[in-house]
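Structure first, then comments.
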Amino acid sequence: MKELSKRFDFISIDEKWCKYWEENDTFSAKANPDKEPYTIVIPPPNVTGILHMGHALNNTLQDIIIRYKRMKGFETLWMPGTDHAGIATQNVVEKQLAKEGKSRQDVGRDAFLERLWEWKKEYGDTIIHQLKKLGSSCDWNRTRFTMDEGYSEAVKTVFIKLYEKGLVYQGERIINWCPRCHTALSDEEAEHQETHGHLYHIKYPYKDNPKEHIIVATTRPETMLGDTAIAVNPNDERYKGLIGKKIILPLIERELEIIADEFVDPEFGTGAVKVTPAHDPNDFEIGKRHDLEFINVMHPDGRINEQGGKFNELDRFEARKLIVKELKELDLLVRIDTHSHAVGHCYRCSTVIEPYLSKQWFVKMKPLAEPAIEAVNSGKIKFHPQRWTKVYMNWMENIRDWCISRQIWWGHRIPIWYCQDCNEIIASSQDPKKCPKCSSTKLRQDPDVLDTWFSSWLWPFATLDWPQENEDLKYFYPTSSLFTAPEIIFFWVARMIIAGIEFMGDIPFSDVYLHGTVRDAKGRKMSKSLGNALDPLEIISEYGADALRFSLIMNSGQDLFISKEKFEIGRNFANKIWNASRLILMNAKDIDPDFDLGKTSVCETVALPTRWIIAKYFETVLLVSNAIENYKYSEAESHIYEFFWNNFCDWYLEIIKDQWQDTTVQNVAVKILENSLKFIHPFMPFVTEEIWSIIKEGEAPISVQNWPETLENADNAKTLSSMQTLVDIVISIRNIRSQWKINPKEKIECILVTTSDETSSLLNDNSSIIKALAKVGTLSITQELESTKNNATAVVENIKCIVPLGALIDIEQEKKKTQAQIEQQQKASSTLSNRLNNEKFVSNAPTEVVEKEKARLETIDLNIKELKEVISSLE
RNA sequence: GGGCGAUUAGCUCAGUUGGUUAGAGCUCCUGACUUACAUUCAGGCGGCCGAGGGUUCGAGUCCUUCAUCGCCCACCA
């Protein structure tokens with residue numbers, strides 16, 4: 001067997017295995033009828049930039065489960081890819097252009113798109129490269145992009161299907177408009193932030209009596225330029241007589257009428273509302289109800305247009321200032337209250353969103369949502385942690401139509417053409433040559449593109465080449481689980497469920513795991529602008545990919561608070577694994593390849609520490625497996641960490657230090673190491689792969705090895721507990737040795753002091769174990785005795801040492817405590833039996849409650865019996 | 001305005017269906033250069049489990065009220 005280098009050089013190891021896995025297609029997957037499929041689709045990172053810590057966490061989680069399932073014998077597919085991220089990517093390229101002093105209009109649509117594709121190529125590749133460096137075991141040959149050719153087919157097909165069903169429609173209404181990005185946004189893309197603004201109270205004079213006025217309140221005074229009515233509640237006594245009265249709109253001098261509408265809340269503001277149907281969703285509705293004029297007073301970039309009279313061309317906020325100033329001068333401003341309310345901001349550039357009247361494409365969501373609600377209600381799709389179900393449901397049940405058209409260039413062009421001659425609207429997945437109605441060839445494609453999420457929601461099946469039918473699609477769809485951040489439940493998760501059911505007739509995945517947000521040590525979100533972002537690649541080069549992965553997962557219960565030092569835990573652990581392996585390789589020379597841990601664990605002649613570590617090992621395999629299955633990754637890691645470091649290294653390897661000539665010891669150490677590498681592998685793929693390749697030279701990589709076998713839990717647990725007392729002795733001996741500075745080679749005399757029957761019988765029954773223990777621990781036993789605290793202390797002074805084995809407990813106190821417990825339990829027992837004897841209770845309570853109470857009574861009675869035995873043993 | 005989560009050692013967090021004396025890591029302190037590892041080893045200090053009330057023989061765990069922090073949703077101008 002080869003030896004490990006003295007230094008653990010993660011840089012070259014990371015690189016070596018990245019390359020190896022890729023060159024050997026270790027993770028390629030194909031439909032295999034002999035195996036069960038396990039599929040994950042990656043949440044495709046945006047091609048806007050480089051990977052951040054959130055990605056590192058997200059992909060590590062996916063990699064753990066996929067590597068685990070692969071070792072468990074599933075045909076695993078982890079589908080990689082990237083997202084074109086419409087607005088976001090267009091924005092970064094526009095910024096790039098701006099540095100050259102150009103706008104996208106300057107270069108033109110085609111040239112601009114070319115720039116975007118260049119960008120995509122560079123950053124898409126970078127991201128894939130970074131995912132590989134993280135150790136992600138994706139099937140890289142299948143890497144997809146949300147705008148590659150086949151994918152466009154899927155998008156067009158979906159659009160047309162929905163259009164034909166009447167679920168995609170065009171409509172003119174108030175949408176969220178970003179004046180900076182010059183595009184419509186969906187409701188989800190408007191981020192509402194609590195803002196401290198102002199509520200302006202303005203006088204609107206009557207036409208017939210300009211000295212009198214009605215007072216309205218507004219947060220956006222500039223919208224008054226588009227006012228076409230004043231509304232009051234029809235039941236508001238203050239205003240009843242005024243309905244129908246004419247008003248002259250200040251500054252604009254337009255004539256308005258006071259109308260009555262139930263929507264107006266008499267309690268808010270003055271109870272009178274200025275109505276601006278083109279700039280407010282509620283006013284829009286009022287406008288429709290009362291057949292008002294819709295006056296748009298703004299350019300798409302947020303400047304006032306010619307409708308604004310002398311405010312023409314002013315920016316909306318400039319106009320606001322000026323209008324307030326002029327109103328003041330005209331003595332029409334009553335007062336300004338401070339007012340905090342939620343204001344929508346663009347989720348890509350944080351510009352204040354303008355409610356804006358515009359013609360857009362929408363998806364009718366209600367009918368699509370129903371089966372998606374059912375899928376979660378019926379338990380076909382489960383959220384982990386479960387509480388997210390509520391969030392999902394709340395959105396689904398209050399779902400609104402989805403605005404899907406964007407006035408940008410980067411994205412899937414809407415497959416709609418307009419006939420210039422007869423105004424026919426043509427939906428087609430191919431470019432149509434002529435109008436089917438009038439045969440005109442003057443066709444113009446809709447200039448808009450689709451919301452980026454309109455392609456993302458097809459990801460689980462579009463990546464498998466839908467709408468084409470093929471074997472892979474049938475085999476790998478539906479996928480198994482989805483790992484993502486809660487921020488995109490609505491954007492992505494919910495819509496994928498809708499699309500999966502609608503277009504594939506089946507849910508897209510059965511489990512959704514929502515992980516926490518990565519924050520800095522102070523709890524702030526990591527972001528480039530705050531300058532608190534840690535770069536995963538930097539961590540990888542400083543601590544290693546395994547360290548990055550391990551530390552991230554260790555902290556991944558809820559939100560993660562990450563500082564650089566946290567990665568030391570992972571680095572140290574990887575180093576520990578390396579050095580433990582070194583030690584074992586240096587000492588294990590006589591290795592039996594068929595050595596069976598299961599058999600050895602029940603072999604009575606084997607020394608106690610060895611039997612114990614084997615039992616502990618089997619326990620750990622089970623704990624780790626269960627934790628992974630239940631999506632409790634940090635828990636799995638704690639089990640691994642504790643077993644490997646505390647039990648195996650610090651305890652077992654220390655104890656057997658001078659036992660290496662024993663071949664059983666050698667084999668046990670090697671076998672436990674090998675199998676530990678296996679269950680550590682999903683978490684730390686690089687170091688385990690490297691050590692495995694040295695121990696098992698010539699064998700297949702650990703990535704494709706089988707997951708270690710488990711023993712029946714109950715039996716193993718029994719073995720463990722029966723040995724625990726004895727193991728405590730070993731620990732005590734070691735402690736005494738170190739405290740009393742006794743040379744490890746020197747035999748020490750000790751007395752085993754026992755108090756309970758259980759322990760002494762254990763010692764008697766296991767004299768062979770004691771002997772084995774003596775052999776290992778260089779312990780010689782001179783006498784065994786039962787003792788009280790007092791004579792134990794007396795003994796201490798004369799003898800070299802004693803092994804405190806529960807003997808140094810104050811017997812009197814122990815008795816008292818036990819007695820108190822007995823009394824308590826007896827009380828419980830009597831109340832319980834009273835209850836069970838009460839006919840009312842037995843006949844009225846549900847049967848399972850009665851059964852439960854009976855079971856409780858039984859255990860309590862058993863407890864009492866045991867406690868009484870303890871008392872008698874103390875006497 | 002509605003919903004969700006958090007509150008346990010100085011810090012970061014575990015704590016499974018209520019059940020003996022509430023755990024770990026880091027920090028701090030004490031000791032060990034024992035050649036696999038100082039990215040180490042052995043030990044120690046440190047907790048009215050956010051506050052009040054309730055259910056129970058028994059509550060960190062269940063119910064209720066409150067406080068503080070965080071997140072999400074929401075078209076009262």
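The values are calculated or read from the model by the stated rules, or taken from the named source; none is laboratory data. Keep in mind that what you see is a predicted model, and the values were worked out from it rather than measured. Counting neighbours? That spans all protein chains shown, and the Cβs are built from the backbone with ideal geometry, glycine included. Accessible surface is based on the protein model in full, side chains and every heavy atom, while ligands, DNA and RNA are left aside. Shrake-Rupley method; radii C 1.70, N 1.55, O 1.52, S 1.80 Å.
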Against the conditions (1) closer than 13 Å to A:Ser137 by Cβ; (2) touching an Asp or Glu at 6+ places or on another chain (Cβ under 9 Å); (3) of a type outside the set (Gly, Ala, Ser), where does A:Leu61 fall short? Just the number, please. (2)
Taking the residues in the stretch A:220-235 that are open to solvent by less than 30 Å² (accessible area, probe 1.4 Å), assigned to a loop (DSSP other than H, G, I, E, B) and more than 9 Å from RNA strand B (Cβ to nearest atom) as candidates, determine which candidate is farthest from A:Glu354 (Cα to Cα). A:Thr228
Filter result for the condition that a residue is away from RNA strand B (no atom under 16 Å from the Cβ), closer than 18 Å to A:Arg173 by Cβ and either open to solvent by 20 Å² or more (accessible area, probe 1.4 Å) or hydrophobic (A, V, I, L, M, F, W, C) (or both), over A:Trp417, A:Trp361: A:Trp361
Condition first: within 9 Å of RNA strand B (Cβ to nearest atom) and either free of Cβ contacts under 8 Å to residues at least 60 places away in the same chain or in contact with an Asp or Glu (Cβ under 6 Å, 6 or more places away or on another chain) (or both). Now tell me which residues in the stretch A:629-651 satisfy that. A:Lys632, A:Glu635, A:Glu642, A:Asn646, A:Asp650
How many residues, within the stretch A:255-303, are in a loop (DSSP other than H, G, I, E, B) and within 13 Å of RNA strand B (Cβ to nearest atom)? 15
Residue check: is A:Val352 modelled with pLDDT of 90 or more, farther than 22 Å from A:Val158 by Cβ, within 14 Å of RNA strand B (Cβ to nearest atom) and open to solvent by 10 Å² or more (accessible area, probe 1.4 Å)? yes
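Condition check ((1) among the β-branched types (Val, Ile, Thr); (2) open to solvent by 40 Å² or more (accessible area, probe 1.4 Å)) across all residues:
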site	(1), (2)
A:Asp401	no, yes
A:Ser428	no, no
A:Thr441	yes, yes
A:Thr452	yes, no
A:Trp457	no, no
A:Asp465	no, yes
A:Glu471	no, yes
A:Val493	yes, no
A:Ile507	yes, no
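Which residue, of A:Glu313, A:Glu306, is surrounded by fewer than 24 Cβ atoms within 10 Å (Cβ to Cβ), more than 9 Å from RNA strand B (Cβ to nearest atom) and at positive phi?
Within the list A:Glu313, A:Glu306, the selection yields A:Glu313.
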Would you confirm whether any residue within the stretch A:624-637 is within 21 Å of A:Glu690 (Cα to Cα) and at pLDDT 90 or above? yes
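Show me the helices (runs of 4 or more DSSP H) entirely contained within the stretch A:46-128 in which 3 or more residues are of a type in the set (D, E, K, R) and either free of Cβ contacts under 8 Å to residues at least 12 places away in the same chain or open to solvent by less than 60 Å² (accessible area, probe 1.4 Å) (or both).
Working: elements: A:53-71, A:86-99, A:104-107.
Passing ranges, in order: A:53-71, A:86-99.
Kindly establish whether A:Ile408 is assigned to a loop (DSSP other than H, G, I, E, B), open to solvent by less than 60 Å² (accessible area, probe 1.4 Å) and farther than 30 Å from A:Gly505 by Cα.
yes
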Among the residues in the stretch A:382-391, are any touching a residue at least 24 places away in the same chain (Cβ under 8 Å), touching a Pro at 6+ places or on another chain (Cβ under 9 Å) and within 16 Å of RNA strand B (Cβ to nearest atom)? yes
Show the residue pairs meeting these rules: Cβ distance below 6 Å; 6+ apart or different chains; first residue within the stretch A:444-461 and of a type in the set (Phe, Trp, Tyr); second residue open to solvent by 10 Å² or more (accessible area, probe 1.4 Å). A:Trp453/A:Phe491; A:Phe461/A:Tyr477; A:Phe461/A:Met504
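So, in the stretch A:415-458, how many residues would count as being hydrophobic (A, V, I, L, M, F, W, C) and more than 32 Å from the chain's Cα centre (by Cα)?
Summing the residues that are hydrophobic (A, V, I, L, M, F, W, C) and more than 32 Å from the chain's Cα centre (by Cα) in the stretch A:415-458 gives 10.
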So which residues in the stretch A:677-689 are in a helix (DSSP H, G or I) and either buried (at least 23 other Cβ atoms within 10 Å of the Cβ) or touching a helix residue (DSSP H, G or I) at 6+ places or on another chain (Cβ under 6 Å) (or both), if there are any at all? A:Leu677, A:Phe679, A:Ile680, A:Pro685, A:Phe686, A:Val687, A:Thr688, A:Glu689
Give the stretch A:523-575 a look and list any residue that's more than 26 Å from A:His384 (Cα to Cα), charged (D, E, K, R) and assigned to a loop (DSSP other than H, G, I, E, B), or say none. A:Lys528, A:Asp535
May I ask you to list the residues in the stretch A:275-297 that are out of contact with any Gly (no Cβ under 8 Å at 6 or more places or on another chain) and open to solvent by less than 10 Å² (accessible area, probe 1.4 Å)? A:Ile286, A:Gly287
Look at the stretch A:31-45 and say how many of its residues are crowded, with 20+ Cβ neighbours inside 10 Å and out of contact with any helix residue (DSSP H, G or I) (no Cβ under 9 Å at 6 or more places or on another chain). 0
Could we say that A:Ala154 is surrounded by fewer than 18 Cβ atoms within 10 Å (Cβ to Cβ) and not basic (Lys, Arg) here? no
Scan (1) of a type outside the set (Phe, Trp, Tyr); (2) open to solvent by 60 Å² or more (accessible area, probe 1.4 Å); (3) touching a strand residue (DSSP E or B) at 6+ places or on another chain (Cβ under 6 Å) for the single condition A:Thr143 breaks and write down its number. (2)
Exactly one of (1) within 9 Å of RNA strand B (Cβ to nearest atom); (2) closer than 21 Å to A:Tyr641 by Cβ is unmet by A:Thr517. Its number? (2)
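What number of residues within the stretch A:129-154 are in a helix (DSSP H, G or I), farther than 15 Å from A:Met79 by Cβ and in contact with a Phe, Trp or Tyr (Cβ under 7 Å, 6 or more places away or on another chain)?
So the count comes out to 0.
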Can you find even one residue in the stretch A:367-381 that is open to solvent by less than 10 Å² (accessible area, probe 1.4 Å) and in a loop (DSSP other than H, G, I, E, B)? yes
Regarding the stretch A:560-577, can at least one residue be identified that is touching a Ser or Thr at 6+ places or on another chain (Cβ under 7 Å) and open to solvent by 20 Å² or more (accessible area, probe 1.4 Å)? yes
